[in-house]
1. Picking from 261, 246, 271, which residue would you name as being buried (at least 17 other Cβ atoms within 10 Å of the Cβ) and either farther than 20 Å from residue 175 by Cβ or modelled with pLDDT of 95 or more (or both)?
2. So, of the residues in region 346-363 that are assigned to a loop (DSSP other than H, G, I, E, B) and out of contact with any helix residue (DSSP H, G or I) (no Cβ under 8 Å at 6 or more places or on another chain), which turns out to be farthest from residue 325 (Cα to Cα)?
3. So residue 477 clears everything in (1) at pLDDT below 90; (2) over 14 Å from residue 566 (Cβ atoms) except one condition, right? Which one?
4. Would it be correct to say that residue 548 is modelled with pLDDT of 95 or more, outside any loop (DSSP other than H, G, I, E, B) and either loosely packed, with under 15 Cβ neighbours inside 10 Å or out of contact with any strand residue (DSSP E or B) (no Cβ under 6 Å at 6 or more places or on another chain) (or both)?
5. Within region 144-152, can one find any residue that is assigned by TED's automatic domain parsing to the domain that holds residue 253 and at positive phi?
6. Has region 327-341 got any residue that is assigned to a strand (DSSP E or B) and touching a helix residue (DSSP H, G or I) at 6+ places or on another chain (Cβ under 7 Å)?
7. Could you figure out which of (1) buried (at least 21 other Cβ atoms within 10 Å of the Cβ); (2) at pLDDT below 95; (3) over 20 Å from residue 252 (Cα atoms) isn't true of residue 50?
8. When only residues in region 576-635 that are without any contact (Cβ under 8 Å) to a residue 12 or more places away in the chain and touching a strand residue (DSSP E or B) at 6+ places or on another chain (Cβ under 9 Å) count, which is nearest to residue 423 (Cα to Cα)?
């Protein structure tokens with residue numbers, strides 16, 4: 001039966017690593033009778049952490065969708081990873097959801113992962129609830145967490161529940177919307193009244209008439225509170241704080257009731273923006289459109305594209321247009337995913353998430369739509385990788401399969417990149433951290449049968465000149481019959497950084513015939529391929545041929561190319577050649593207490609700190625650091641800050657290598673040259 005769109009809730013479960021997101025999903029599945037036993041992450045029975053790499057590491061690595069029904073509503077939960085290395089999957093899941101539940105550890109409080117996710121939810125304008133979890137643990141403190149939440153995220157975060165027995169043994173929660181005052185324990189009376197008043201005020205602020213009643217001292221009814229807070233949550237002006245213990249199922253039923261009563265449906269969220277500035281209404285009886293937010297390669301079903309239906313109704317055997325790639329696709333069966341298990345469904349409407357198998361050419365960030373009404377949704381902007389390794393096949397057999405296997409992994413994971421560096425000739429894989437790349441290597445071996453070795457990538461050094469230089473070479477070779485003859489005088493001068501190579505001729509009087517000038521240029525270009533400092537490519541040079549000589553019979557193109565090459569090399573020796581290294585722009589987000597450690601470490605890495613700003617309760621350190629110092633920074637930063645800092649980086653420019661560092665690079669290059 002088609003589902004009423006107003007009764008659909010699509011919710012991402014997000015939070016810092018180990019805050020209990022997956023445990024919450026397992027508790028919901030058990031309470032809503034989707035599963036018969038309550039699965040546990042610790043003993044490997046979790047319905048959510050169900051894939052081999054997750055069972056091995058006991059963490060969530062892949063975002064997964066789960067479905068349950070509650071009080072006449074159809075709820076899709078998207079379990080997401082908490083580790084920063086797998087943030088791409090979290091980002092994609094939040095994009096597919098209408099709202100989020102932010103899980104906070106009752107002991108750890110507001111941690112860096114929660115701050116990062118909150119910022120992302122703000123940017124995407126996603127409504128949210130907060131669930132303070134693990135209140136059964138020693139040193140947990142709901143009221144301390146509430147203070148932290150309100151301090152970090154704003155006073156519009158309001159407790160909708162209070163825990164009972166935090167001091168003597170946590171046993172249940174009181175819902176401020178539905179609990180009669182007579183049922184409130186004496187020790188919680190003051191907090192109950194204070195929080196209930198904040199709750200009523202938040203509800204009243206959504207409606208002028210209700211606000212007038214509230215300010216006049218009139219108590220709001222349960223229906224008025226529910227309606228007002230539902231509107232406030234959808235608008236993002238109210239963030240309810242729930243509490244409990246997912247492992248012991250305390251507060252989970254209340255949370256489900258909060259999801260159905262307070263979080264928005266696709267209809268409440270309203271029209272969805274398209275890339276061209278238009279919009280699409282989430283209505284079932286309009287032309288179909290959907291967005292692909294995730295893709296996996298299933299060992300049995302093959303390629304699976306996970307889609308969020310935006311408008312219309314998707315059915316099996318429909319013909320749709322992949323407007324992003326300009327290809328038509330025939331929709332096979334629709335799969336409702338429950339973690340790793342699949343159930344065939346007849347159709348899916350706005351707000352629903354289904355997986356589609358065996359599409360010919362459909363990938364993450366693609367839009368599918370009715371050919372009669374073409375629309376395109378903006379792509380997810382995935383974060384750039386921050387860590388790289390050179391990857392080498394273990395055997396010749398692996399070499400044949402490595403490229404295809406890596407390509408398949410890039411299809412599934414937009415935060416994983418691979419490329420062959422044309423200068424160092426290395427195949428480079430890049431990801432969000434060492435855990436991310438360790439999972440990639442495991443997948444290559446276990447899923448795709450490819451064994452590889454990793455090493456630190458070679459730095460893509462360049463060479464340039466810092467002064468003028470002059471070179472001359474006469475190429476003369478006689479070997480019976482026609483010989484070879486060409487003479488060239490070449491001077492070189494530095495170009496500004498990034499300008500590249502330029503060649504010009506100042507030859508006058510025909511000392512080199514015009515038709516041989518391009519051959520001299522070819523020789524200079526060949527000389528640029530390997531400089532005289534350590535054999536690295538040369539950049540930012542202006543070469544000028546200004547004189548030479550030729551022979552009527554023996555001169556030819558190859559002779560002048562050789563003359564140009566050697567003249568360029570000699571000129572470069574005299575032009576004070578220098579080594580250049582890539583410099584990266586880096587922004588490190590770090591809590592105050594680690595500022596000294598991080599700035600000291602960046603200085604030790606030859607970094608130049610540009611600015612320090614406050615951003616989302618953290619310090620944002622912007623710096624420029626040589627790439628050679630950053631290959632393992634992701635894991636080292638996590639070690640320094642106990643996982644509480646994160647960073648982004650991108651290439652900035654090339655800069656001259658300091659003399660003491662350059663000497664080491666030259667010595668290393670000479671050793672390698674001897675070995676070969």
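1. That would be 246, the only listed residue that is buried (at least 17 other Cβ atoms within 10 Å of the Cβ) and either farther than 20 Å from residue 175 by Cβ or modelled with pLDDT of 95 or more (or both).
2. For region 346-363, the residue satisfying everything is 346.
3. Result: residue 477 passes all but (2).
4. So residue 548 fails the test.
5. no
6. The answer is no, given that none of the residues of region 327-341 is assigned to a strand (DSSP E or B) and touching a helix residue (DSSP H, G or I) at 6+ places or on another chain (Cβ under 7 Å).
7. If we test residue 50 against (1) buried (at least 21 other Cβ atoms within 10 Å of the Cβ); (2) at pLDDT below 95; (3) over 20 Å from residue 252 (Cα atoms), just (1) comes out false.
8. That would be 603.
The values are calculated or read from the model by the stated rules, or taken from the named source; none is laboratory data. Keep in mind it's a predicted model, so treat the numbers as computed, not measured. Note that each Cβ is placed from the backbone with ideal geometry, even for glycine, and that neighbours are counted across all protein chains shown.
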